[in-house]
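K.L.:
Okay, handing you the structure first.
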Amino acid sequence: MATEEGQASSGRFDSVLSLASEVLSAYGKIDMSRERYMLVIFLPTFVVFLGTIVAAIFLTTLPMMVRVPIPLLGLLIWVSGLLYPKIYLTQRRIAIENQFHLVMVHMTVLATTNIDRVEVFRRLAAEDEYGALAEEMGQIVTLVDTWNQSVDDALRRRAREVPSQPLADFFERLAFTLEAGEELDEFMLDEQDFIIENYTTIYEEDLNNLEVMEDLYISMILSMTFGLVFAIVLPILTGVNPTITVSAVISLFMLVQFGFYYVIRNVAPYDPVWYFPKPRFIQDKELWIAIATGGIGSILITLFMGLGFLGIGPGLSGVLFFINDVPMGLYIAIPVTPLIVTGLVMRHEEQKIHDRDDQYPNFIRSLGTAETAQQATTGDVLETLKEKEFGALTPPIKRLYRRLNIRISQIEAWGEFTLEAKSYIIQKFSEMYLIGRQMGGTPQVLGELISENMNTINQLRERRRQETITLIGLLYGISAAAVFAFFIGLEVANILGTFSSQLQLDQAEFGQLIYTSAYNVPVIEYLLYLVVLFNAALSSLMIRTIDGGNKATAYVHFVLLTWVGAGVAIFTRRVVSLVLQIRL
């Protein structure tokens, strides 16, 4: 037993040492000297921490509940300053690995053209969309152009500095290969299997991490549900103000949900679906009408109900005249219902994007093969391909042919093609194909390269969709169960309060057993419905984050989860009230 405890303590100590080593190492990798960082960041945050301790000691006029959190806030600021280099490098690593696959494909396309290998890195560095990875390519160009280092030496130097292990390994292999005399295009084509395998591994690891987070999320929500039910019921036995306890637990409940949403957003694989620049979005009347319908409809219903409360107009109770007492749940669910129109339209458009993505590998492979075999231009080949069936991609292909046929420039024609497809991945791969074609690349090689990578992405997206379906079932189930538990507790407390006056107990001998005077049932019910709305909003955003789609499609699940919560609440209150009244 002592040996096991010693091993556990040793393991924890090693973990602490490892974290400390990583933090100290991170100080040498940020774009600031250690001495300057200590003076500019570390010492000021430490002084702030000491200042909060002094303030907590001398501000005796403030209550203890206000004074205690002050040093904790200062400690948080100091720890943030202490760990910022590690946090910064972690964020940079994630940013690099998010774009790693696309940059490697882009690099392969450029390598197969008739340009210098330094120019390959220069063009990648000019792509602002690649963010931190473009900066790394720019660092290599700077070392070559400014410091007159060879490409392989520059790659080795950056391999020791980059925070991403896959990129560091790639730089090392590329440096060794170039030093040995192999051409860049041969190396990149040989690396395709590794690039695809590495992308698949990272993507699947992220999906596995999401599964773990989902299980943890369910456990935490069940625990918080249990705590909230106790916060509703226990005050009737202890005399504590239930509004305060319920508000505190609800705040913690919301904080836990928001924390999980933040973690899931960072863990989910980076794989955007939509390509829709703002100027183009403004011109798309269908999407504008959908957004306007949902937003304006929700606002009008809210105003109508609000005026009804003020005695202006019939209000909701006048419309639902056949219901004697309109439940509060309907006041929550009905105003958000028009938003489902926006969600359904965006979801329909997103499904068409997925259909185009599924057809794109066949199209680009056929295009590349035909251009190479016929030694013809893209426009000539499309004259035949436009008659073939490529599903949802067929109309954009036909319009691409028409634009090329009337001598619109290839850049503009392909640009309109990608805008009509509305797919991020189609836009990136089409741009790569066009650049590779213009610079002398072999169309067949480009088409097969892009098709293979696109097929891999589509296969991983299919698994991601399955994961999303599982999550949807879990979120709907846990939401219904949590709301059921909330309102059972509320109705039990309400019924006990109603019948407490009928209890004939000797207060002098036994003391007071039930405290119901502090209960304000309408306020607590309102707070619980706020939880329903917040849960619906966060759950729908979680679904969209894991799915990778447009956030506007979350309106569908937001409306449905709100109705599920409101429906379960109304049903629970009515049924439990009826059952308890019969029993009592």
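K.L.:
As a test of the formula, what do you get for the chain when each DSSP H run with n ≥ 4 contributes -39,500 (n - 2.57) and the sum is divided by the residue count, at 222 nm and rounded to the nearest 500 deg cm²/dmol?
P.N.:
Values: 26 runs with 465 residues, N = 584.
Helix-only estimate at 222 nm: -27000 deg cm²/dmol.
K.L.:
Then there is this: List the lysines whose Cα sits under 24 Å from the Cα of residue 285, skipping any in the same chain fewer than 8 residues away.
P.N.:
352, 398, 422, 551
K.L.:
Hey, what's the Kirkwood Rh for segment 219-347 if you take every pair of different alpha carbons, in angstrom?
P.N.:
19.1 Å
K.L.:
Right, something else. Amide H neighbours of residue 423 under 5 Å, at least 5 residues apart or on other chains, H built in the peptide plane: list them.
P.N.:
Amide H neighbours of residue 423: 275.
K.L.:
Please label the shape of segment 359-452 as rounded, prolate or oblate, based on the square roots a ≥ b ≥ c of the eigenvalues of the alpha-carbon gyration tensor (a/c under 1.5 means rounded; beyond that, a/b larger than b/c means prolate, else oblate). Present the calculation step by step, with values, prior to reporting the outcome.
P.N.:
Working: a/c = 1.19, a/b = 1.11, b/c = 1.07.
It is rounded, given that a/c, with a ≥ b ≥ c, falls under 1.5.
K.L.:
Now for a different question. Taking θ as phi - 60°, what are the ³J(HN,Hα) couplings along segment 212-224 by the Karplus curve (6.51, -1.76, 1.60), each to the nearest whole Hz, with x for Gly and Pro?
P.N.:
5, 5, 5, 4, 5, 5, 4, 5, 5, 5, 4, 5, 5
K.L.:
Let me ask another. As a test of understanding, state the convex hull volume per residue of the chain from its alpha carbons, in Å³.
P.N.:
Values: hull volume 148.6 nm³, N = 584.
Spelled out: Cα convex hull of the chain, divided by residues, is 254 Å³.
K.L.:
With a/c under 1.5 counting as rounded, go ahead and sort segment 98-199 into rounded, prolate or oblate using the C-alpha gyration tensor (a ≥ b ≥ c being the square roots of the eigenvalues; past the cut-off, prolate if a/b is larger than b/c, else oblate).
P.N.:
Numbers: a/c = 1.21, a/b = 1.09, b/c = 1.11.
Rounded, since a/c falls under 1.5.
K.L.:
Could you compute the FRET efficiency for residue 183 and residue 54, with r as their C-beta to C-beta distance and R0 at 60 Å, rounded to 0.05? Mind showing how you got there, number by number?
P.N.:
Details: r = 66 Å, r/R0 = 1.10.
The computed FRET efficiency comes out at 0.35.
K.L.:
Within the chain, which is the longest segment that contains none of the GluC sites (Glu not before Pro) sitting in a DSSP loop with at most 14 other Cβ atoms within 10 Å?
P.N.:
Details: sites that count: 161, 182, 183, 387, 389.
So the longest stretch without any such site is 184-386.
K.L.:
Can you list the residues, at least 5 places off or on another chain, whose amide H is less than 5 Å from the amide H of residue 149, using H built in the peptide plane?
P.N.:
144
K.L.:
Same structure, new question: Among 469, 425, 287, which residue has its Cα positioned farthest towards the positive end of the charge dipole of the chain, with +1 placed on the Cβ of Lys and Arg, -1 on the Cβ of Asp and Glu, and the dipole taken about the Cα centre?
P.N.:
287
K.L.:
Where nothing but the Cβ of Lys and Arg (+1) and of Asp and Glu (-1) is charged, how large is the charge dipole of the chain around its Cα centre, in debye to the nearest 20? Write out the running numbers ahead of the final one.
P.N.:
Numbers: 43 positive and 62 negative charges, 442 e Å.
Approximately 2120 debye in magnitude.
K.L.:
Less than 17 Å apart at the alpha-carbon level, and either on another chain or at least 8 residues along: which aspartates and glutamates does that give for residue 29?
P.N.:
Output for residue 29: 135, 136, 161.
K.L.:
Compute the longest continuous run of the chain that contains no exposed trypsin sites (Lys or Arg not before Pro); treat a site as exposed when its DSSP state is not H, G, I, E or B and it has at most 10 other Cβ atoms within 10 Å. Could the numbers behind the result be given before it?
P.N.:
Numbers: sites that count: 160, 407.
It runs 161-406.
K.L.:
If you plug each phi of segment 27-43 into the Karplus form 6.51 cos²θ - 1.76 cosθ + 1.60 with θ = phi - 60°, what whole-Hz ³J(HN,Hα) values come out, in order, with x for Gly and Pro?
P.N.:
Values per residue, Gly and Pro as x: 4, x, 10, 7, 7, 6, 5, 4, 4, 5, 5, 4, 6, 8, 10, 5, 5 Hz.
K.L.:
Separate question: Let me see the pair-distance distribution of segment 20-90: every alpha carbon pair, 10 Å bin width, integer percents in order.
P.N.:
With 10 Å bins starting at 0, P(r) equals 21, 40, 24, 13, 2.
K.L.:
Starting from 0.36 nm per residue, how many nanometres of slack lie between residue 197 and residue 226 once their C-alpha separation is accounted for? Walk me through the numbers on the way to the answer.
P.N.:
Working: separation 29, 0.36 × 29 = 10.44 nm, distance 4.38 nm.
Stretched fully, the residue 197-residue 226 segment lengthens by 6.1 nm.
K.L.:
Pick out, from 209, 327, 343, the residue whose Cα sits farthest towards the positive end of the charge dipole of the chain, with +1 on the Cβ of Lys and Arg and -1 on the Cβ of Asp and Glu.
P.N.:
327
Every number in this text was worked out from the coordinates using simple rules, so none of it is lab data. Keep in mind the model is a prediction, meaning the values are calculated, not measured. Reconstructed Cβ throughout: ideal geometry from the backbone, glycine too, with neighbour counts over all protein chains shown.
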